[in-house]
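The values are calculated or read from the model by the stated rules, or taken from the named source; none is laboratory data. What you are looking at is a predicted structure, and each value in this text was computed from that prediction instead of being measured. Cβ atoms come from the backbone with ideal geometry, glycine included; neighbour counts cover every protein chain shown.
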Amino acid sequence: MRGARAIDQKIRLLTGNHIVIAIDIRSSSKMLEYFKDHRKPVDPYIALIMAMKHKIDEFPGCIAYKFTGDGWILLFKKQKTNGSAMLQFMEALSKWYATHSSNLVKQMDLPRHGLTFGVDDGWIWEVPPGFFEQTEYIGEPIVLASRLQAAAAAAVGESADSD
């Protein structure tokens, strides 16, 4: 039990509630297939992702916790923001993505593109490096936001497998 206590002392509850937003780039797998099938460099897609990350970083109080390969899991301190600010953030990011991805998407003939979101709030814990290679966060809001994002994608006719 001694090891369990040491682990418990290093894992800390983040101060206050957090809002968790899971973001997914719709049709990202189809975009990557296009680059592969047409033997084109994937650089424009990577540039879009990097620019999107910079846009996300501009939002005050945002922790871009994890890149998921075609999106992010973002954490926001609840006492520093509110639901209205989150809706404005998601709308602004969706508009930014539509504008900045339009040239890339035009050449691919994608039936759907854009962003899907899942949002939840609640308590999360920070697990510092040492247990994992980097700081990780655990808690029900992270799981639920990710599941809600997957459900949103399914609601518009996309499965998690075909994204």
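Pairing residues of region 82-111 that are under 14 Å from SER27 (Cβ atoms) with residues that are part of a loop (DSSP other than H, G, I, E, B) and of a type outside the set (S, T, N, Q), at Cβ distances under 8 Å and at least 6 apart in sequence or on separate chains, gives SER101/HIS113; VAL105/HIS113.
Note on region 39-57: residues that are surrounded by fewer than 10 Cβ atoms within 10 Å (Cβ to Cβ) and part of a loop (DSSP other than H, G, I, E, B) total 2.
Here is the figure for region 131-149: residues that are closer than 30 Å to HIS113 by Cβ, modelled with pLDDT of 90 or more and of a type outside the set (S, T, N, Q) total 7. The listed residues are ALA152, ALA85, and the only one of them that is part of a helix (DSSP H, G or I), of a type in the set (Gly, Ala, Ser), out of contact with any helix residue (DSSP H, G or I) (no Cβ under 8 Å at 6 or more places or on another chain) and under 29 Å from GLU33 (Cβ atoms) turns out to be ALA152. Based on this model, can you work out whether LEU144 counts as under 17 Å from ILE19 (Cα atoms), touching a Leu at 6+ places or on another chain (Cβ under 8 Å) and assigned to a helix (DSSP H, G or I)? No, not satisfied. The set of residues in region 112-137 being assigned to a strand (DSSP E or B), in contact (Cβ under 8 Å) with a residue 40 or more places away in the chain and of a type outside the set (Asp, Glu) consists of GLY114, LEU115, THR116, PHE117, GLY118, VAL119, GLY122, TRP125, VAL127, TYR137. Residue by residue through region 72-82, note down the ones that are in a loop (DSSP other than H, G, I, E, B) and either hydroxyl-bearing (Ser, Thr, Tyr) or farther than 18 Å from ALA145 by Cα (or both). Across region 72-82, the qualifying residue is only THR81.
From the list ASP57, ASP70, ASP121, the lone residue that is farther than 29 Å from ARG39 by Cβ, of a type outside the set (A, V, I, L, M, F, W, C) and within 14 Å of the chain's Cα centre (by Cα) is ASP57. A search for C-beta distances below 6 Å between a residue of region 23-46 that is under 20 Å from PRO111 (Cβ atoms) and any residue that is loosely packed, with under 15 Cβ neighbours inside 10 Å and β-branched (Val, Ile, Thr), counting only pairs 6+ apart in sequence or on different chains, returns PHE35/VAL42.
Kindly check whether there is at least one residue in region 97-110 that is in a loop (DSSP other than H, G, I, E, B) and closer than 17 Å to VAL20 by Cα. No, there is no match, as no residue in region 97-110 is in a loop (DSSP other than H, G, I, E, B) and closer than 17 Å to VAL20 by Cα. You will find that of ILE142, ILE73, the residue that is surrounded by 15 or more Cβ atoms within 10 Å (Cβ to Cβ) and over 27 Å from ALA47 (Cβ atoms) is ILE142 and no other.
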